[in-house]
Structure formats: C-alpha cells, structure tokens
Amino acid sequence: VQLQASGGGLVQAGGSKRLSCAASGRTFSTYAMGWFRQAPGKEREFVASINYSGTRLDYANSVKGRFTISRDNAKSTVYLQMNSLKPEDTAVYYCAAKRTLYNIPGYRMEYDYWGQGTLVTVSS
C-alpha cells in the first residue's frame, strides 16, 4: 500500500489543523493506521492510532484531549484533527499502516508502510 499524507502547514498556537493520509489499494479496511511525528533534533514518536474498524483509538499522552484520529474506509483515508495546537507540536507528521485485524495497541505495533510526511509548524 502507498500512503500520501497532506494538510500540513503553518498555524498559530491555539489553532487547528487536519491532516489526511490517503492510501492506495482496495484493502484499506484491513489496515490499522497510525500517526507519528518527528520534531527537529528528536526521535520519531507515536501520536495516535486507529484499528481497522475504527473501534480502537490510542493516543500519546501529550496529545490526548486535543487530537482526534478517524478514518473513512470508503475513501481509504485516515485523518488527524489537531486542536489547541502548541509550538511543541511542530514536527513532520507521518502516517503509517499495518495490515492486521488484531486489536493491538497502536504504540506497540510495528508498521509496515509509511507515508512521506507533512510538516506542521506552530508559531507562538
């Protein structure tokens, strides 16, 4: 599967942004999806994940209550709605996919496919 992330850009602190990740192929509904981010000089970190059916959502503590992950299997797309953005949310955001029907926590999953990343910059 190929993943194409989009929606990044510049936003002021306190603002919102929605990222999208479109997947190729006809089996999107069998994939768990995740969002990760990598800030300058830091390691990549887990942000959020959603299982194949959308019934299990996992979030990093740093974004819980501010970010929402969702998916539209008919459009083969996963979204990350980001609200109340902070300068420390500045990073390149990557989407990832793993074909699995198991209910594995997203932060423990080894993803097989990665998108190219989209840069989100939050100004103070």
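In the complete set of protein chains, residue-level accessible area for Glu110 is approximately 150 Å², probe 1.4 angstrom.
Centre-to-centre, using Cα atoms only, region 96-121 and region 28-79 are separated by 7 Å. Under 5 Å between amide hydrogens, built in the peptide plane, is the criterion, and for Lys86 it picks out Gly14 among residues at least 5 positions away or on other chains.
Between Leu19, Leu80, Leu101, the GNM of the chain built on Cα springs shorter than 10 angstrom shows Leu101 fluctuating the most.
Just add up the charged neighbours of Gly14: K/R +1, D/E -1, any other residue whose Cβ is under 12 Å from the Cβ of Gly14. Could you put the intermediate results ahead of the total?
On the way: positive: Lys17, Arg66, Lys86; negative: Asp89.
Result for the neighbourhood of Gly14: +2.
When the Gaussian network model of the chain links Cα atoms closer than 10 Å, the mean-square fluctuations of Lys98, Lys75, Lys86 top out at Lys75.
Accessible surface ranking for Tyr79, Tyr113, 1.4 angstrom probe, highest first: Tyr113, Tyr79. Considering only Tyr113, Ser29, Leu10, and ranking their Cα positions along the charge dipole of the chain that arises from unit charges at the beta-carbon of Lys, Arg, Asp and Glu, the one farthest toward the positive end is Ser29. Given in Å, the Rg to one decimal and the Dmax to the nearest whole number for the Cα atoms of region 32-87 are 11.8, 37. Charged neighbours of Arg56, selected by a Cβ distance under 15 Å, balance to +3 (K, R count +1; D, E count -1).
Inverting the pair-averaged 1/r between distinct Cα atoms of the chain gives 14.2 Å as its Kirkwood hydrodynamic radius.
The values are calculated or read from the model by the stated rules, or taken from the named source; none is laboratory data. None of these values were measured; they are calculated from a predicted model. Note that each Cβ is placed from the backbone with ideal geometry, even for glycine, and that neighbours are counted across all protein chains shown. These area figures cover heavy atoms from the full protein model, side chains too; ligands, DNA and RNA do not enter into them. Shrake-Rupley method; radii C 1.70, N 1.55, O 1.52, S 1.80 Å.
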